[in-house]
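Down below is the structure, laid out as structure tokens.
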Amino acid sequence: MNLVTVSGPPSSGKTSVILKTIDALRSRSLKVGVVKFDCLYTDDDALYAKAGIPVKKGLSGAMCPDHFFVSNIEEVTQWGIAEDMDILISESAGLCNRCSPYIKGIKAVCVIDNLSGVNTPKKIGPMLKSADIVVITKGDIVSQAEREVFASKVNLVNPSAVIMNINGLTGQGSFELSTLIHGDHKDVDTLVGRQLRFTMPSALCSYCLGETRIGENYQLGNVRKMNMGDQA
């Protein structure tokens, strides 16, 4: 089975891109499944199920969705293998810009949109910088010049990635993505012992453990303070 991880900021069009790409993959008689990770709520699993795509959903709740992903990805990989899938696509929650949900040796796709702002690529960390493929969506809403400037900003941040534009509504460009996903096929039988491409966001403080009160007396553990300079 080939495993692919897809991540990106909230509402960037991940699910639409995946649905259109799966249509192209299934036209080649490939069996494709999806596992959807999210935080508090998602109905994307219903969209996959409606399209006849095997799907599993996991909600992280109060836990960091990146940590939840790593804690469960081996189990869902074994589910995909048991279901005799050719390709299993892992879709992340709409992640913060510091997240890093990629695994060494596993194809990584980052989805971002043209409407997020021309400087957004510089604000995104490992989620964009360590991706193999960067998909840019919502290009039909902006001008050609804006699309080119945004793509150049992405290239500055991740010059080694394949950068492509996909229309999540029409599916234009999704066939090309499907060839990149299936063309570089890597069989996966287990993820045990594999490593993340980058360390995850770290925090273990009193607020992680349920503290709600504000003030230095209540802040314990991994706490970082701003440098406020000289104060009168």
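So the values come out like this:
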quantity: Test: residue in region 85-95 that is within 13 Å of the chain's Cα centre (by Cα) and either in a loop (DSSP other than H, G, I, E, B) or of a type in the set (Lys, Arg) (or both); calculated: yes
quantity: Any chance Phe175 is more than 19 Å from Pro9 (Cβ to Cβ) and either among the aromatic types (Phe, Trp, Tyr) or within 12 Å of the chain's Cα centre (by Cα) (or both); calculated: yes
quantity: Flag if Ala24 is more than 18 Å from Asp187 (Cβ to Cβ), hydrophobic (A, V, I, L, M, F, W, C) and outside any loop (DSSP other than H, G, I, E, B); calculated: yes
quantity: Condition met for Lys14 (buried (at least 20 other Cβ atoms within 10 Å of the Cβ) and not aromatic (Phe, Trp, Tyr)); calculated: yes
quantity: Residue list for region 96-119, restricted to those being touching an Asp or Glu at 6+ places or on another chain (Cβ under 9 Å) and assigned to a helix (DSSP H, G or I); calculated: Asn114
quantity: Matching option when the condition is over 19 Å from the mean Cα position of the chain (by Cα) and of a type in the set (Lys, Arg), among Arg147, Arg194; calculated: Arg147
quantity: Residues being part of a loop (DSSP other than H, G, I, E, B) and either hydroxyl-bearing (Ser, Thr, Tyr) or surrounded by 16 or more Cβ atoms within 10 Å (Cβ to Cβ) (or both) - total across region 163-200; calculated: 13
quantity: Qualifying position, being surrounded by fewer than 22 Cβ atoms within 10 Å (Cβ to Cβ), at positive phi and out of contact with any His (no Cβ under 6 Å at 6 or more places or on another chain), among Gly125, Gly105; calculated: Gly105
quantity: Residues of region 32-65 classified as touching a helix residue (DSSP H, G or I) at 6+ places or on another chain (Cβ under 9 Å) and charged (D, E, K, R), total; calculated: 5
quantity: Ile163 vs. criteria touching a Leu at 6+ places or on another chain (Cβ under 8 Å) and either farther than 18 Å from Cys64 by Cβ or not basic (Lys, Arg) (or both); calculated: no
quantity: Residue list for region 143-162, restricted to those being exposed (fewer than 15 other Cβ atoms within 10 Å of the Cβ) and assigned to a loop (DSSP other than H, G, I, E, B); calculated: Ser143, Pro159, Ser160
quantity: Filter result for Cys96 (surrounded by 17 or more Cβ atoms within 10 Å (Cβ to Cβ), closer than 23 Å to Leu204 by Cα and either of a type in the set (D, E, K, R) or at pLDDT below 95 (or both)); calculated: no
quantity: Tally of residues being of a type in the set (Asp, Glu), out of contact with any Cys (no Cβ under 7 Å at 6 or more places or on another chain) and assigned to a helix (DSSP H, G or I) across region 34-74; calculated: 3
quantity: Those residues of region 76-119 which are β-branched (Val, Ile, Thr) and free of Cβ contacts under 8 Å to residues at least 60 places away in the same chain, in sequence order; calculated: Val76, Val118
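The values are calculated or read from the model by the stated rules, or taken from the named source; none is laboratory data. Predicted model, so just to flag it, every value in this text is computed and none were measured. Note that each Cβ is placed from the backbone with ideal geometry, even for glycine, and that neighbours are counted across all protein chains shown.
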